[in-house]
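All of the numbers you see were taken from the coordinates with simple rules; none came from a lab. For clarity, every value in this text was computed on a predicted model and none was experimentally measured. With ideal geometry, Cβ positions are generated from the backbone for all residues, glycine too; neighbour counts draw on all protein chains shown.
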Amino acid sequence: MADNNYSQLIEVFSTEHGTVYQCNRNNNFVVEFAGNCSAFKTGNFLDFTRRVNAINLSEMAKNTSRHADIVILMLHYTERCFVLTMKDVIRLKELLCGAKAMIELNSIVNECLRQYAF
Amino acid sequence: MKDLLRLRTSLTEEIEALLNEQIKMEARSSSIYLSMSSWCDRNGFDNSAKYLEKQSGEERGHMLKLFRFVNDMGGKAISPEITDIPQEFDSFKGVFELALQQEINVTASFNRIADRCFKAKDFMTFQFLQWFLNEQIEEEYVARRILELFEVIGEEGTGRWQIDKNIPGVSYGE
């Protein structure tokens, strides 16, 4: 995880299709995906991850109606409206799950380090 | 790197989800007690109706205690959606058999959460749960004692009237 003190943005996890950053100035997460950036508070980021993970890919694949080809996520905590194709959903799931795992790992590392802090 | 997860809340995702499930369970419990109260009222068991209405209020109190705790710890307490509450019951005794079963389920659920808290080393929540575990001793005792009235007094003749009369007096003295 490369630390950039100037912008306070730290790369948490990255894939070919996007990156999740942690902003230490604003205490939030920035998701860069499909050419756009969206900032999420911690709780909202976790909620966003849950919602993306809850998208049923097999149902999308099985359903032959045209509206089933895309998923629209309109979330009250971001102005961005996510219009996702099946491919986007797979990519976004990969990005968010990877980021979440790294965030949790960071929390575990911090917890372990705290016992030596004082 | 700053630990934003810990800055937000001391609850892990798993414990927060378990507490929210418990909030739902308490809310459901409160609704069922209220429904039992209504059934007793309709069938002429006035004392039981009042007792069950009071129990409903207590369960709601438990729900709110959990609800506030989740929010106080930085988590997200979820106002539960409660549906499919039974409105009819087989018998007067059946009402209290269900009440005891409900309390047993609540105790089992708190035990499971306490076990998870202990394993996750979340001793703050573990400590918080002690109040509920103590409360369950009383809840189960009273529910069991009431059921025993059906055996001791018997339902024949004016038995049910007698049982109804005695229900508000059942209490737990440590």
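Quick notes
- Lysine pair count for segment B:1-160 [Cα-Cα under 21 Å; pairs on different chains or 8 or more apart]: 8
- Rg of the Cα atoms in chain A, relative to 2.2 N^0.38 Å, amounts to 1.19.
- When the charge dipole of the protein assembly as shown is built from unit charges on Cβ atoms (+1 for Lys and Arg, -1 for Asp and Glu) and taken about the Cα centre, the candidate among B:152, A:34, A:84 whose Cα reaches farthest toward its positive end is A:34.
- Whole-Hz ³J(HN,Hα) from phi, Karplus 6.51 cos²θ - 1.76 cosθ + 1.60, for segment A:27-33, glycine and proline x: 6, 9, 10, 10, 9, 9, 8
- The value given for the protein assembly as shown is a Kirkwood hydrodynamic radius of 22.7 Å, derived from the mean inverse Cα-Cα separation.
- Computed about the Cα centre, the dipole magnitude for the protein assembly as shown is approximately 1100 debye when only Lys and Arg (+1) and Asp and Glu (-1) carry charge, each at its Cβ.
- Inter-label distance for residue B:87 and residue A:28, nm, one decimal - labels placed 7 Å from Cα along Cα-to-Cβ: 4.6
- Using only the C-alpha atoms, the convex hull of chain B corresponds to 110 Å³ per residue.
- Value of [θ]222 nm, deg cm²/dmol, for the protein assembly as shown, DSSP H segments ≥ 4, -39500 (n - 2.57) each, nearest 500: -20500 deg cm²/dmol
- Peptides B:141-153, B:32-44 ranked from most to least packed, by the mean per-residue count of other Cβ atoms within 10 Å: B:32-44, B:141-153.
- Using the Cβ-Cβ distance between residue B:6 and residue B:158 with R0 set to 45 Å, the FRET efficiency works out to roughly 0.10.
- Computed label-point distance, nm, for sites residue B:108 and residue A:114 using a 7 Å Cα→Cβ extension: 3.4
- Averaged over peptide A:99-110, the number of partner chain Cβ atoms lying within 10 Å of each residue's Cβ comes to 3.
- Convex hull of Cα atoms in segment A:50-118, direction-averaged projection (nm²): 6.3
- Taken residue by residue and averaged, Cβ atoms of other chains lying within 10 Å of the Cβ of A:41-50 number 3.
- Rounded Å value of the spacing that divides the Cα centres of segment A:7-34 and segment A:42-118: 13
- Counting Cβ atoms of other protein chains within 10 Å of each residue's Cβ and taking the mean over peptide B:2-12 gives 6.
- Highest average first, the peptides A:55-67, B:123-135, B:74-86 ordered by how many other beta carbon atoms sit within 10 Å of their residues are B:123-135, B:74-86, A:55-67.
- A crude spin-label estimate for the pair residue A:50 and residue B:78, with each label 7 Å from Cα along the Cβ direction, gives 0.5 nm.
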